[in-house]
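Peer 1: What follows is a structure written as structure tokens; I'll ask about it next.
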Amino acid sequence: LQGETEKSSNLLSRAVKLLHSEGDKVGEAEALHALASLARRKGKCDAAFEFLEQSENLVDETAETYLKCANTRGLCLVAQGAWTNAEHQFRLALELAEKQNNEHYIRLITHNLALPSGFRGDFGEALRWFKRIFRRDQPDRKQLPQEAIGHLNVARLHLYRGEFDEAEPQLERSLELCQLYNLKPLRGEILEAYGNFYRDK
């Protein structure tokens, strides 16, 4: 999350070997999924798909790791422009998360389900999906680092629609969470969005 991908990759690769030698299939699957997530962030989707397949082969479809793999596969497909297939993966992941009552992943996946709608230009639908991540009916809930990109994406949609009063607090919240969790890779995107906000305003 803080952008130290090489250090993270090295630790996870060691973890995969150690967990495999211990016969810990769930732990190994988790580490493989994390490697897939890192590969996706580096733009190496083919490597990510391989890690995801290895991970899924170690767990059954009721495991949390399995739904994580579906979600990450969806993000890889987004990066490749395969929007329909990506949406299918996100819906599969959301169905599994809802069956498990996994609130954490329900929130993350609903955010990702907004991406295809936003790409199609259906900003109203995208905003409905995006805003589900924040759960205003649960003000005391734990905040997620991923909410920073959620607030940023909501701000972008409001900017596309010329809704400056709605965009500014979303940008502020995104930057606060970025600083709170030290999300170095996201900082540039937020500052760019601020620049667009002031230019358009």
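Peer 1: Counting just the residues of the stretch 170-185 that are more than 14 Å from L144 (Cα to Cα) and in contact (Cβ under 8 Å) with a residue 12 or more places away in the chain, which one comes out surrounded by the most Cβ atoms within 10 Å (Cβ to Cβ)? Step through it out loud before you land on a result.
Peer 2: Within the stretch 170-185, the subset more than 14 Å from L144 (Cα to Cα) is 170-172, 184-185.
Still in the running and in contact (Cβ under 8 Å) with a residue 12 or more places away in the chain: 170-171, 184-185.
Details: Q170: 24, L171: 22, K184: 12, P185: 13.
Looking at residues that are more than 14 Å from L144 (Cα to Cα) and in contact (Cβ under 8 Å) with a residue 12 or more places away in the chain, I get Q170.
Peer 1: Could you tell me which numbered condition H104 fails, if it satisfies all but one of (1) farther than 24 Å from N196 by Cα; (2) open to solvent by 20 Å² or more (accessible area, probe 1.4 Å); (3) at pLDDT below 90; (4) part of a loop (DSSP other than H, G, I, E, B)?
Peer 2: Condition (4) is where H104 drops out.
Peer 1: Now, a different point. Take the stretch 151-167 and flag every residue that is surrounded by fewer than 17 Cβ atoms within 10 Å (Cβ to Cβ) and assigned to a helix (DSSP H, G or I). Steps first, please.
Peer 2: Initial filter on the stretch 151-167 (surrounded by fewer than 17 Cβ atoms within 10 Å (Cβ to Cβ)): 160-166.
Matches in the stretch 151-167: Y160, F164, D165, E166.
Peer 1: Among the residues of the stretch 139-150, count how many are under 19 Å from E189 (Cβ atoms) and open to solvent by 20 Å² or more (accessible area, probe 1.4 Å).
Peer 2: Within the stretch 139-150, the subset under 19 Å from E189 (Cβ atoms) is 143-150.
Keeping just the survivors that are open to solvent by 20 Å² or more (accessible area, probe 1.4 Å) gives 143, 145-146, 149.
Summing the residues that are under 19 Å from E189 (Cβ atoms) and open to solvent by 20 Å² or more (accessible area, probe 1.4 Å) in the stretch 139-150 gives 4.
Peer 1: Just wondering, is there one or more residues in the stretch 130-143 that are in a helix (DSSP H, G or I) and free of Cβ contacts under 8 Å to residues at least 60 places away in the same chain?
Peer 2: As a first pass, look at the stretch 130-143 and keep what is in a helix (DSSP H, G or I): 130-131.
Subsequent filtering for residues that are free of Cβ contacts under 8 Å to residues at least 60 places away in the same chain retains 130-131.
Yes, the stretch 130-143 has at least one match.
Peer 1: Which of the numbered conditions does G74 fail, given that it passes all the others? Conditions: (1) open to solvent by 20 Å² or more (accessible area, probe 1.4 Å); (2) of a type outside the set (A, V, I, L, M, F, W, C); (3) out of contact with any Cys (no Cβ under 6 Å at 6 or more places or on another chain).
Peer 2: G74 satisfies all of (1) open to solvent by 20 Å² or more (accessible area, probe 1.4 Å); (2) of a type outside the set (A, V, I, L, M, F, W, C); (3) out of contact with any Cys (no Cβ under 6 Å at 6 or more places or on another chain) except (1).
Peer 1: Right, next: Looking at E50, E61, which is the one that is part of a helix (DSSP H, G or I) and surrounded by fewer than 20 Cβ atoms within 10 Å (Cβ to Cβ)? Don't jump to the end; show me each part of the working.
Peer 2: Values: E61 fails: part of a helix (DSSP H, G or I).
Of E50, E61, the one residue that is part of a helix (DSSP H, G or I) and surrounded by fewer than 20 Cβ atoms within 10 Å (Cβ to Cβ) is E50.
Peer 1: Here's something else I'd like to know. Right, R91: buried (at least 19 other Cβ atoms within 10 Å of the Cβ), charged (D, E, K, R), out of contact with any Cys (no Cβ under 7 Å at 6 or more places or on another chain) and part of a helix (DSSP H, G or I) or not?
Peer 2: Numbers: buried (at least 19 other Cβ atoms within 10 Å of the Cβ): no; charged (D, E, K, R): yes; out of contact with any Cys (no Cβ under 7 Å at 6 or more places or on another chain): yes; part of a helix (DSSP H, G or I): yes.
No, not satisfied.
Peer 1: Continuing with this model, one more query. A82 fails exactly one of the following numbered conditions: (1) farther than 24 Å from K184 by Cα; (2) open to solvent by 90 Å² or more (accessible area, probe 1.4 Å). What is the number of that condition?
Peer 2: (2)
Peer 1: Might you let me know whether the stretch 37-49 holds any residue that is closer than 21 Å to I106 by Cβ and touching a residue at least 24 places away in the same chain (Cβ under 8 Å)? Please lay out each step first, then the result.
Peer 2: Here is the first cut: in the stretch 37-49, the ones closer than 21 Å to I106 by Cβ are 37, 40.
Within this subset, residues satisfying the condition of being touching a residue at least 24 places away in the same chain (Cβ under 8 Å) are 37, 40.
Yes, the stretch 37-49 has at least one match.
Peer 1: Then there's this: Kindly indicate the residue of the stretch 20-47 that is closer than 23 Å to G3 by Cβ and outside any helix (DSSP H, G or I) and also most open to solvent (accessible area, probe 1.4 Å) among those meeting that condition. Step through it out loud before you land on a result.
Peer 2: Residues of the stretch 20-47 closer than 23 Å to G3 by Cβ: 30-47.
Imposing the further condition that a residue be outside any helix (DSSP H, G or I) reduces the set to 42-44.
Numbers: K42: 75, G43: 58, K44: 113 Å².
Among residues in the stretch 20-47 that are closer than 23 Å to G3 by Cβ and outside any helix (DSSP H, G or I), the one most open to solvent (accessible area, probe 1.4 Å) is K44.
The values are calculated or read from the model by the stated rules, or taken from the named source; none is laboratory data. All figures in this text were calculated on a predicted structure; none of them were measured in a lab. Counting neighbours? That spans all protein chains shown, and the Cβs are built from the backbone with ideal geometry, glycine included. When the accessible area is computed, the model is the full protein with side chains, heavy atoms only, and any ligands, DNA or RNA have been set aside. Shrake-Rupley method; radii C 1.70, N 1.55, O 1.52, S 1.80 Å.
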